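Notes to accompany the following structure.
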Amino acid sequence: MTLAELKPGQRGRISAIGAVGPLKRRLMDMGVLVGEEVRVIKVAPLGDPLEVEIKSYRLSLRRTEAQGIGLEVPA
């Protein structure tokens, strides 16, 4: 499952970051790291961007960026 597939209120743990190059570095600088728990706060009406919470702070990600972040979601 990817971060882009989560609905508002759902949580998951980051298992992989599929981005490469400058995008991967930017995501890691913002705290998007393997093993961190992430929660979707809200999704814009047209589905882009997503507002997520990581390490008790919020950030917005484009859907294309979120599709490259793999998650483990509790059953």
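Taken over region 9-48, the criterion of being free of Cβ contacts under 8 Å to residues at least 24 places away in the same chain, within 18 Å of residue 72 (Cα to Cα) and loosely packed, with under 11 Cβ neighbours inside 10 Å is satisfied by 35 alone.
Among the residues making up region 52-75, those that are under 12 Å from the mean Cα position of the chain (by Cα), exposed (fewer than 15 other Cβ atoms within 10 Å of the Cβ) and in a strand (DSSP E or B) are 53, 58, 60, 72.
Could you list, in sequence order, the residues of region 12-41 that are over 10 Å from residue 69 (Cα atoms), modelled with pLDDT of 90 or more and in a loop (DSSP other than H, G, I, E, B)? Result: 35, 36. What's the total number of residues in region 58-74 that are closer than 13 Å to residue 39 by Cα, at pLDDT below 90 and not aliphatic (A, V, I, L, M)? Residues in region 58-74 being closer than 13 Å to residue 39 by Cα, at pLDDT below 90 and not aliphatic (A, V, I, L, M): 1 in total.
The values are calculated or read from the model by the stated rules, or taken from the named source; none is laboratory data. Since the structure is predicted, the reported quantities are computational estimates derived from the model, not experimental observations. Neighbour counts are summed over all protein chains in view; Cβ atoms, including those assigned to glycine, are modelled from backbone coordinates with ideal geometry.
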